[in-house]
Amino acid sequence: MTIDLGRGLMLRNPVMTASGTFGYGEEYTDFVDLAKLGGIIVKGTTLHPREGNPYPRMAETPSGMLNCVGLQNKGVQYFIDSIYPRIKDFDTNVLLNLSGSTLEDYVTGAEMVDVLDKIPAIELNVSCPNVKQGGMAFGVTTAGISQVVSEVRKVYHKHLMVKLSPNVTNIAEIALAAEASGADSVSLINTLMGMAIDAEKRKPKLSVITGGLSGACVKPVALRMVWQVAKAVKIPVVGLGGISNATDAVEFMLAGASAIEIGTANFIDPAVSAKVADGMKAYCERHGFEKVADLTGALDS
Amino acid sequence: MKQITDFILVEKNDYGRSVLLRLRSDRALPEIQPGQFVQVRVDGSPSTYLRRPISIHDVDFQHNEIALLVQQVGEGTKHLAVAETGDVINMVLPLGNGFSIPEKGEKCLLVGGGIGIAPLFYFAKVLVENDIRPTLLLGGKTKSDIIRLADYQQLGDTFVTTEDGSLGEKGFVTMHSLWQKEVFDKIYVCGPKPMMKAVAKLAAEKNVWCEVSLENLMACGLGACLCCVEDTVDGHMCVCKEGPVFNTRRLKW
Ligand SMILES: Cc1cc2nc3c(=O)[nH]c(=O)nc-3n(C[C@H](O)[C@H](O)[C@H](O)COP(=O)(O)OP(=O)(O)OC[C@H]3O[C@@H](n4cnc5c(N)ncnc54)[C@H](O)[C@@H]3O)c2cc1C
Ligand SMILES: Cc1cc2nc3c(=O)[nH]c(=O)nc-3n(C[C@H](O)[C@H](O)[C@H](O)COP(=O)(O)O)c2cc1C
Ligand code: FES
């Protein structure tokens, strides 16, 4: 079941948990044996602490939800001093999701994380739609992504995964720019920009009016984007967006993903991630795939 | 330790807008503090995607039973209300931090508004087990909102207000004559936010310690998504994990 994503990032199986939906892993240890996962990607972290957006930060939508959490976190230094010591010995890969609003923030943050022994990779979040300068500015143009990825690449020596925004016209182009600038892999998709209105009150449901859509409803869009990106780039693609069970996960692999992440589904079934890992294994056995990695791109089209 | 468990609905009582659900599990129940809640998965309701947070209304450890008092406000709660005995209902529990247990000899007032009376039942029961007889003040819009009054009366002196005066004193809980007559060491409140704020204000004026149970919109219920935050003196805190019970001195509302 192992997956080699390159530059030292080896996963026990293709299943990781998506940033912002699994806390720091600790919140889920009553439900999931973390040793059953390929990795966990912890909450989006910025160089400086952020209070995030005001409440309300979520709205349920048909088969999904909108959120505008706005990267609430206590900053990279706090992560290093107070959180890292608690989670570094988890029996799985712990990846940090790094966000920023300026180029310097990303570079300084990446430098600080580079020395953490037990963090084998960062997922560079250049796609948060929920803060004015959540890095999405970097993630929606090829020039922006080339700049941030190449600068971070200079200071970060481990696996650099770049998380792409779906809020673009041509995601393959953005992925190619990330690859050319030194990304070891790309993960997609982050949330789709959306909005919800309370008609009775004639008010937006979210404090900052717009938010990011996630959950089962985004799966077809995510699947299509993973397929497009996987055809375009040579580096591994990590697929996510609406994965709720092992069949969904297999579909992403068939579309070209080398690994997958589970996000919003953790809220509905806190034990889903381990179940997906088991289910993918069962699928491989049932269909005669010796290695789960053989599923990648095995779409019969 | 938290668990995800299939419960079987063993008994259902209708109270108009609300239903009382008694649910039994095959597994031993975890330790449960009064004021903690469950996240219920609402099966078969296509428009209900996320779990719904519901307070633990009562616990029977001997029979592995939990009771929930659910008020129908939208699709999810309406769906729960039409569940039939024998149906399986999946819950994650126990979540959050409960009410703080007072010292022996302290005089406690438990104030509930609307469906906010739900967690006060188990809380009052635990207090009685700890040799503390609480005073209860239950408020509603009308008589039918005051559910299980006789059962609450078993647990402590119980007073009622209704906005239309159909039961107890007319008006809001903060207007009850009890406030003129009695002095309390601790006040615990659960109900709509404006009502909790009003009681908190009254408590602050009297310089009485006060805890409230908040009902912010939730997604994960586990402290992972940071959707349910409340503004406190220590910054944004997750109601699902740091709460739902907060001392009012910590809240910036
Ligand atoms: C810790 C906690 C404990 C709770 N305990 C109980 C309980 O014991 N019994 C009970 O009946 N309910 C309780 N609630 C409230 C309950 O979770 C909501 O009523 C329920 O989620 C509504 O789901 P729905 O699908 O029926 O309505 P929806 O269709 O989701 O919503 C209907 C309407 O109610 C509003 N609404 C929904 N949830 C909330 C909320 N949490 N706060 C304010 N407005 C809301 C929506 O904005 C909408 O206008 C509790 C909530 C929390 C956070
Ligand atoms: C509440 C919430 C918070 C999130 N926070 C982050 C974050 O901090 N950083 C990030 O890169 N993505 C964040 N995301 C996006 C998810 O990691 C994921 O890309 C997205 O939800 C799509 O996957 P899903 O449909 O499986 O949830 C968040 C999503 C949700 C629902
Ligand atoms: S509901 Fe997710 S943190 Fe509280």
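Computed from the coordinates by the stated procedures, all read-outs in this text should not be read as laboratory data. Bear in mind that the values here come from a model prediction, so they are computed numbers and not experimental data. Ideal geometry is used to build each Cβ from the backbone, glycine not excepted, and the neighbour counts take in all protein chains shown.
Computed over the alpha carbons of the protein assembly as shown, Rg followed by Dmax gives 25.1, 80 Å.
Straight distance only, please: which lysines reach the Cα of A:LYS203 with their own Cα at less than 22 Å, same-chain residues fewer than 8 apart left out? Of all the lysines, those that pass the test against A:LYS203 - Cα under 22 Å, at least 8 places apart if same chain - are A:LYS132, B:LYS193. Exceedance of the 20 Å cut-off in Cα-Cα distance is limited, within the set B:LYS141/B:LYS170; A:LYS88/B:LYS2; B:LYS170/B:LYS252; B:LYS12/B:LYS78, to A:LYS88/B:LYS2; B:LYS170/B:LYS252. Distance between the C-alpha centers of the stretch A:139-191 and the stretch A:238-262? Whole Å please. The two parts, judged by their Cα centres, are 20 Å apart. Amide H to amide H, with H built 1.01 Å from N, B:VAL59 comes under 5 Å of B:ALA67, counting only residues 5 or more places away or on other chains. Axis of helix B:118-129 versus longest Cα principal axis of chain B: the two differ by about 70°, to the nearest ten degrees.
Over the residues of chain A, the helix contribution to mean residue ellipticity at 222 nm works out to -8500 deg cm²/dmol, using -39500 (n - 2.57) for each DSSP H run of at least 4. Using R0 = 60 Å, the C-beta based FRET efficiency linking A:ASP114 and B:ASP43 works out to 0.85. Working from Cα pairs under 8 Å separated by at least six residues, relative contact order for the stretch B:108-213 is 28 percent. Here chain B is treated with +1 on each Lys and Arg Cβ and -1 on each Asp and Glu Cβ, and its dipole about the Cα centre works out to around 480 debye. Each label was represented as a point 7 Å from its Cα along the Cα-to-Cβ direction; for A:LEU103 and A:ASP30 these points are 4.7 nm apart. Placing dummy labels 7 Å off each Cα toward the beta-carbon, the span from B:ASN13 to B:LYS206 is 2.9 nm.
Calculated from the alpha-carbon coordinates, the stretch A:3-295 shows an Rg and a Dmax of 17.6, 56 Å respectively.
Once you charge only the Cβ atoms, +1 for Lys and Arg and -1 for Asp and Glu, what is the size of the charge dipole of the protein assembly as shown about its Cα centre, to the nearest 20 debye?
Details: 55 positive and 62 negative charges, 206 e Å.
Charge dipole of the protein assembly as shown: 1000 debye, to the nearest 20.
Legend: translational diffusion of the stretch B:123-216 by Stokes-Einstein, Rh = Kirkwood radius over C-alpha pairs, 10 °C, 1.306 mPa s; D = 115 µm²/s. If you wrap the tightest convex hull around every Cα atom of chain B and split its volume per residue, you get 122 Å³.
Per the Debye formula with a single identical scatterer at each Cα and no solvent contribution, what log10 I(q)/I(0) holds for the stretch A:185-291 at q = 0.09, 0.14, 0.24 Å⁻¹? After summing over all Cα pairs, the log10 values are -0.28, -0.61, -1.25. Taking the helices alone, chain B has a mean residue ellipticity at 222 nm of -4500 deg cm²/dmol, built from -39,500 (n - 2.57) per DSSP H run of at least 4 residues and averaged over all its residues. Projected onto their three principal axes, the Cα atoms of the stretch B:1-116 cover extents of 48, 32, 24 Å, largest first.
Find the relative contact order for the stretch A:147-300 and round it to a whole percent, using C-alpha pairs within less than 8 Å whose residues are 6+ positions apart. Display every interim value, and only then the final one.
Details: 277 pairs, mean separation 28.4, N = 154.
Here the relative contact order equals 18 percent.
Calculated FRET efficiency, A:MET10 to B:LYS181, Cβ-Cβ distance, R0 = 45 Å: about 0.05 to the nearest 0.05.
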